Every structure is written in C-alpha cells, then in structure tokens.
Amino acid sequence: MCGGGVGVASSAAVSVCAALMSWMVANALITAASTVLCTELHARFTFGAGRRAGWRRHWQSAGSAAAAYAVTCAATAVLHMVRPSPGILSEQVVYLAAAGIAGTGRFLVLRLFVFADSAHDRTRIAAPDQGSRTARPHQGQAPRPPVSQPSPRALT
C-alpha cells in the first residue's frame, strides 16, 4: 500500500515536473524523493521495524531505486521511439506500468534483503523460543511446570 500510493503520487509529480524540465531529470528527482519516503514508510509500517530506516537501509534501497529508474526511463524511451509525440495519458500509462513492475521488484529486494532482519526479529518475537520458561503451552496441552534452576552451591 505504501509503495503503490507513493507510486501513483510520483506519477503525477513526474508529469508536473516534466513541464518545467526534461522528463529524465524530473523522473530522477521524483525517484530519489519517493525512494527516501518509501524506505521510511516500509521501515516503520510495512516490514515492522518500528523505527527509522537508517543510512544503511537508505543506501541499500537506493540501489533498487536506480534499477527502477532505469526501467521507467527505458519504457518511456521506447514509447517515444514508437510515438514521437505521445500524449500525457499514454506517458502515464507506460510510466505507471513500468513503475508497477519495477516497484514489485523493489518490494521483493526490500523484503528479502534490506529489511530481512526486521522480518526475522518480528518472527522471533511472535514465536518465542520453545525452551523458554515463559513459553505458553500449545492449545490442548497441559502447562509445563516451571524449570527449576540449581543453585550455584549445589553444583560444587
């Protein structure tokens, strides 16, 4: 939801900025801004880190954004080769289709690599260690008695 919403907003922003500068420059500026915004949103909400993304994650995310930028520029360049003067609607359709494909790839990169440790932490919190004394019994099982720890003197 975060990436898709920012993607649609980015599409409109690229069109507005392209009226003031070249399309490639507008796309680069909007891609950079949307990458920072999406990385923060993903860190806080999508992947459950619950905190700011930090510089390391922003730099990792920038690599996937560079690939997304290349995909959207290539798609738009192909459109301009096929139709030298496409209308804004055609440009938007091509941009959104390319951004959707690239965004799906970026999401997978973020999920599997950039925020992989957040997903691992969330899983570990949701499923406590089975050997833990605080672990709850599975449904239908009798509770386990607490594990008593031998005193240090008993060991000597």
Output the residues belonging to region 32-63 that are surrounded by fewer than 13 Cβ atoms within 10 Å (Cβ to Cβ) and among the aromatic types (Phe, Trp, Tyr).
45, 55, 59
Looking at region 64-83, which of the residues that are in contact (Cβ under 8 Å) with a residue 24 or more places away in the chain and open to solvent by 20 Å² or more (accessible area, probe 1.4 Å) is nearest to residue 100 (Cα to Cα)?
71
So, residue 6, is that one open to solvent by 40 Å² or more (accessible area, probe 1.4 Å) and hydrophobic (A, V, I, L, M, F, W, C) or not?
no
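The values are calculated or read from the model by the stated rules, or taken from the named source; none is laboratory data. Treat the numbers as computed from the prediction; the structure is a model and nothing was measured. Neighbour counts run over all protein chains shown; Cβ positions are idealised from the backbone, glycine included. Remember, those area values only see protein heavy atoms, side chains included, never the ligands or the DNA or RNA. Shrake-Rupley method; radii C 1.70, N 1.55, O 1.52, S 1.80 Å.
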